Amino acid sequence: MNIRMITAAGLLLALAGCSTTTTTTTAALPLLAKNPVQDRWQGQSAGRFFAAYGPPISDRDESGNRVYTWRGGYKNVTVVTKDGKKSGKRSLSCKADIVTNQSYEIRSVKILGDQPGVSGPSYCAELLAPPEKAS
């Protein structure tokens, strides 16, 4: 009887695990749902992006689109502790896949490598989609 109970409990746990991993909503993962870099660049010319931030490091064809892998924004910043003391330097950079259509228009931007920024959780967002300055 103990073997049956253990087997039934294991089966129920396995089924419960499957159902909870497939029902992900954007409300549960707000940081993953928002992509300010894509919001800023989607529909824009890839030429404009590369002119502003440098050329891609590679490109490939994928499902009728062109995918450019870009890396840039190299920057060294001084790390300041909470008590205001300098504790060394940190290197920042950003890596992204930029998907374009046949007209060289950006369809999507997928961040591949990011780090905490100087003033927020994403250096890529600080670099590629800075907040607009108030007039």
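A few comments on the model shown:
- When residue 84 is tested against the conditions (1) over 12 Å from residue 97 (Cα atoms); (2) surrounded by 15 or more Cβ atoms within 10 Å (Cβ to Cβ), the lone failure is (2).
- Cβ pairs under 9 Å, 6+ apart, first in the stretch 39-64 and more than 15 Å from residue 111 (Cα to Cα), second in a loop (DSSP other than H, G, I, E, B) and among the hydroxyl-bearing types (Ser, Thr, Tyr): 45/103; 45/104; 46/104; 47/104
- When the stretch 87-104 is filtered for residues that are assigned to a strand (DSSP E or B) and either surrounded by fewer than 11 Cβ atoms within 10 Å (Cβ to Cβ) or more than 20 Å from the chain's Cα centre (by Cα) (or both), the ones remaining, listed by number, are 87, 88, 89, 91.
- Screening the stretch 58-81 for residues that are outside any strand (DSSP E or B) and hydroxyl-bearing (Ser, Thr, Tyr) and picking the one that is surrounded by the fewest Cβ atoms within 10 Å (Cβ to Cβ) gives 63.
- Once the stretch 103-135 is narrowed to residues that are among the polar types (S, T, N, Q) and modelled with pLDDT under 95, the residue that is farthest from residue 50 (Cα to Cα) is 135.
Every residue, every condition in (1) in contact (Cβ under 8 Å) with a residue 24 or more places away in the chain; (2) surrounded by fewer than 13 Cβ atoms within 10 Å (Cβ to Cβ); (3) in a strand (DSSP E or B); (4) in contact with an Asp or Glu (Cβ under 7 Å, 6 or more places away or on another chain), yes or no:
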| site | (1), (2), (3), (4) |
| --- | --- |
| 106 | yes, no, yes, no |
| 109 | yes, no, yes, no |
| 119 | no, yes, no, yes |
| 125 | yes, no, no, no |
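The values are calculated or read from the model by the stated rules, or taken from the named source; none is laboratory data. Worth saying up front: this structure is predicted, and the values here are computed from it rather than measured. Here the Cβ is made from the backbone with ideal geometry for all residues, glycine too, and neighbour counts use every protein chain on show.
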